[in-house]
Amino acid sequence: MKNTVQRFLFEFSDIRGEIVSLDSSWESVLTRRDYPPSVRKLLGEITAATTLLSATIKFDGTLSIQFKGQSALLLLLAETTGISSFRSTAKWRDNDELGDSNVNLLSQGTLAVTLTPKKSGQAYQGLVDVHSDSIQKSLEDYMQQSEQLTTRLWLASNDQKATGILLQKLPTERHEASDDWHRITTLAATVTNEELLTLDFETILKRLFHEETIRVFDENSVNFSCSCSENRTDGMLQSLGELEVRIILSEEGNVNITCEFCGKNYIYSPSGIDRIFSYESRESTQETNGSIN
């Protein structure tokens, strides 16, 4: 179950689920930056949640979940391409809030879920204010308010793993009352962080739902992969404007761009800046944009 996501359905209920475990792929994120423990925990949870949400939809493009905050935690960002790859990063201020367990780092923040088509069409983004101290509750609120999909999440992360379970109530034409959702989510709520972080999928599902009839689908691999490239970095510099880039070049001698996801450096000499602001370069990269590689 390393670096995999797995879908399951409750055969006699209108409920579907996903379970994810990111191991070495999550460690690939942590080796690139020294995240404070409180930031690392939340980043792991939002990374697992993004993978879970991506697995519930059929979409040819990228899905990202971004949290912007007003506290010491400035940004959490996780992005998936299909269900096979992800990348994630965070920004923060170094102050006493990061080490204070009584401080809600998510307070007064905003959560954005963005779907960006791979080929053509406009990106779709939904926003919700965060009124919770947990990633899972914030996303549950988002799914209910913005997507009208009743969803529950259980997330956990540490230095070795980011993991979680998603349950979602499917739209149905049934009119009769049913306690399926209450029963199944009550069972799922008994899962502990330790179980999520240490047990395999089969054991977790059997422990939680041994009296239910579940159809389990094949596992899908999920790995860390960064989509940064020289072409995308060229486009980002073009979006800043030639005057601003030339000022940086004159002050620093070169322009150094570091990808915030994978840490790769893109160093531009004066000839490199001349290249990207040539007419030919603007023609070839006019549709490339973005502030983070």
Tilt relative to the chain, helix 230-240 - C-alpha long axis, 0 to 90 degrees, to 10: 70
For the range 230-285, alpha-carbon Rg relative to the globular expectation (2.2 N^0.38 Å, N residues): 1.06
5 angstrom amide H check on T150, placed H, neighbours 5+ away: K169
Gap in Å between the Cα centre of the range 45-89 and the Cα centre of the range 1-26? 16
Within the set of other residues whose C-beta is less than 10 Å from the C-beta of S21, count the net charge using Lys and Arg as +1 and Asp and Glu as -1. -1
Using helices alone, I'd like the mean residue ellipticity at 222 nm for the chain: each DSSP H run of four-plus residues gives -39500 (n - 2.57), total over residue count, nearest 500. -10000 deg cm²/dmol
Label point distance in nm, D159-Q108, each placed 7 Å from Cα along Cα→Cβ: 3.4
Residues whose modelled amide H sits under 5 Å from the amide H of V222, counting only those 5 or more places away in sequence or on another chain, are T4, V5
Which whole-percent values make up P(r) of the range 130-212 when all C-alpha to C-alpha distances are grouped in 5 Å steps starting at zero? 3, 12, 21, 22, 19, 13, 7, 2, 0, 0
What GluC sites (Glu not before Pro) in the range 129-191 are in a loop by DSSP, with at most 11 other Cβ atoms within 10 Å of the Cβ? E173, E176
When you take every Cα atom in the range 16-124, what is the radius of gyration, and what is Dmax, the widest Cα pair distance, in Å? 14.6, 45
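Rule-based calculations on the coordinates, nothing more; no lab input. Bear in mind that the values here come from a model prediction, so they are computed numbers and not experimental data. All Cβ positions, even for glycine, are placed from backbone atoms using ideal geometry, and neighbour counts span all protein chains on display.
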